[in-house]
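Remarks on the structure that follows.
The values are calculated or read from the model by the stated rules, or taken from the named source; none is laboratory data. Because the structure is a prediction, the values reported are computed rather than measured. Virtual Cβ from ideal backbone geometry, glycine too; neighbours counted across all protein chains shown.
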Amino acid sequence: LGIAHKVSPFAPLLARVAVGTIFVETGWSKLHQLDQITQFFTQLGIPAANIQAPFVSTVELVAGAMVLVGLFTRVASIPLIATMVVAIITAKKGDISGLSSLFMLPEFLLIVIFFWLFAAGSGRFSLDQLICKRCAGTETKS
């Protein structure tokens, strides 16, 4: 229990850095390959692919960066969960033959991590925490 208690503040940090980095990189990459992403979205049958491709790419980049640094992590997790749900429904549906195959998808694991960040928050080592400390400090001084 002692060591677990000491390292527990690092769990959300590690989760945020891992998934935030993934989405910053994928968002950035998609924004620089919009023609290919739009074509892929069109092949998947996603409506208004020419609008959805830049939108999803921007969401991944911006929300991924917010999660990475721990800024409004709970809010930023929501569109990233939605993005992964859509990815499973459109691009991965053929890979799902049952519950265990769903659970084995990387996109599902990302949903689980984002849901945990949504529920638990960004943790001690985050901009959210820094902002909360500053807000609490100014409230007590006034």
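Output the residues belonging to region 15-52 that are within 13 Å of the chain's Cα centre (by Cα) and among the hydrophobic types (A, V, I, L, M, F, W, C).
ALA15, VAL17, ALA18, VAL19, ILE22, PHE23, VAL24
Which residue pairs have Cβ atoms closer than 7 Å, lie 6 or more positions apart in sequence or on different chains, and pair a first residue in region 7-23 that is within 14 Å of LEU71 (Cβ to Cβ) with a second residue that is charged (D, E, K, R)?
Qualifying pairs under 7 Å: PHE23/GLU60.
May I ask you to list the residues in region 27-71 that are loosely packed, with under 15 Cβ neighbours inside 10 Å, in contact (Cβ under 8 Å) with a residue 24 or more places away in the chain and at positive phi?
Answer for region 27-71, where residues must be loosely packed, with under 15 Cβ neighbours inside 10 Å, in contact (Cβ under 8 Å) with a residue 24 or more places away in the chain and at positive phi: just GLY45.
Among the candidates LEU105, LEU71, single out the residue that is in contact with a Lys or Arg (Cβ under 6 Å, 6 or more places away or on another chain), aliphatic (A, V, I, L, M) and either within 16 Å of THR26 (Cα to Cα) or modelled with pLDDT of 95 or more (or both).
That would be LEU105, the only listed residue that is in contact with a Lys or Arg (Cβ under 6 Å, 6 or more places away or on another chain), aliphatic (A, V, I, L, M) and either within 16 Å of THR26 (Cα to Cα) or modelled with pLDDT of 95 or more (or both).
Scan region 97-123 for residues that are in contact with a Phe, Trp or Tyr (Cβ under 9 Å, 6 or more places away or on another chain) and not in a helix (DSSP H, G or I) and jot them down.
Scanning region 97-123 gives SER122, GLY123.
Please tell me if ALA82 is in a helix (DSSP H, G or I), surrounded by 19 or more Cβ atoms within 10 Å (Cβ to Cβ) and out of contact with any Cys (no Cβ under 9 Å at 6 or more places or on another chain).
It is false that ALA82 is in a helix (DSSP H, G or I), surrounded by 19 or more Cβ atoms within 10 Å (Cβ to Cβ) and out of contact with any Cys (no Cβ under 9 Å at 6 or more places or on another chain).
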